[in-house]
Structure formats: structure tokens, C-alpha cells
Amino acid sequence: MVTREDISAELEKLCDSGKLTLDEYQRLKRIFEIGKQAFCKECGKPIPVGSLYCKYCGDQQGVVQTAYCEECGKQIPSGSNRCPYCSDKQGAP
Ligand SMILES: [Zn+2]
Ligand SMILES: [Zn+2]
């Protein structure tokens, strides 16, 4: 199993070998460290998952609500027909 530490170490290697720029490295590292990251649908800035309002532009995010897969329980966008993780069909009667 690949852990976040593995990914982090791998990113460091890529950065050291010059395959990643420092900017890319820091951005990727941040994404992996946070784990799940949401982005404001108005301004596109990263905001914490589940935020009702963007802290940058104040746009309401509440329209997009997260749901959980009926099968594996992972967080998926509400209204998804299928779970992106286990492909289980959602909303089946
Ligand atoms: Zn915003
Ligand atoms: Zn699932």
C-alpha cells in the first residue's frame, strides 16, 4: 500500500532530480498533505472540504454538497450516478 509518506518521499525525489519545479512540488505536497481538497467553484482557490463559503471570495459553496457512497462510504459529489472509487451505482432503489 502506498502511504502519504511514500508519495511525499517520491515527490522529494522528483524535485531533487529536477523533474518537478519547486512550485509544482509544493503544490502537490500540499494536496497530499491535506488529503482531500476542495476548490471554490467561483474563484477556484483551494478551500477546506465541506466549506459553506469560500474564505477568499465569499461565494456560497453550499449548492455542491458532498454525499457518501452507499457501498464503500467514501465521500463523493452529491448527485453522482456512480462512485468514483468503487463504481457502485448510487441512488438505486
Ligand atoms: Zn472563491
Ligand atoms: Zn463507493
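All of the numbers you see were taken from the coordinates with simple rules; none came from a lab. All values derive from a computational prediction rather than experimental measurement. Don't worry about glycine lacking a Cβ; one is built from the backbone with ideal geometry, like all the others, and counts go over all protein chains shown.
The table for this structure:
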{"read-out": "FRET efficiency estimate (nearest 0.05) - Cβ-Cβ, S17 to V49, R0 25 angstrom", "value": "0.20"}
{"read-out": "Built amide H within the under 5 Å cut-off of Y68, gap 5+", "value": "I76"}
{"read-out": "Cut-off under 5 Å, modelled amide H: who pairs with I47 long-range", "value": "A38, F39, C40"}
{"read-out": "Inter-probe distance in nm under a simple model that places probes 7 Å from Cα toward Cβ, at F39 and C72", "value": "2.2 nm"}
{"read-out": "Integer Hz, Karplus 6.51/-1.76/1.60 couplings in order for the range 75-91, x for Gly and Pro", "value": "6, 9, x, 5, x, 5, 7, 9, 6, x, 8, 10, 6, 6, 6, 9, x"}
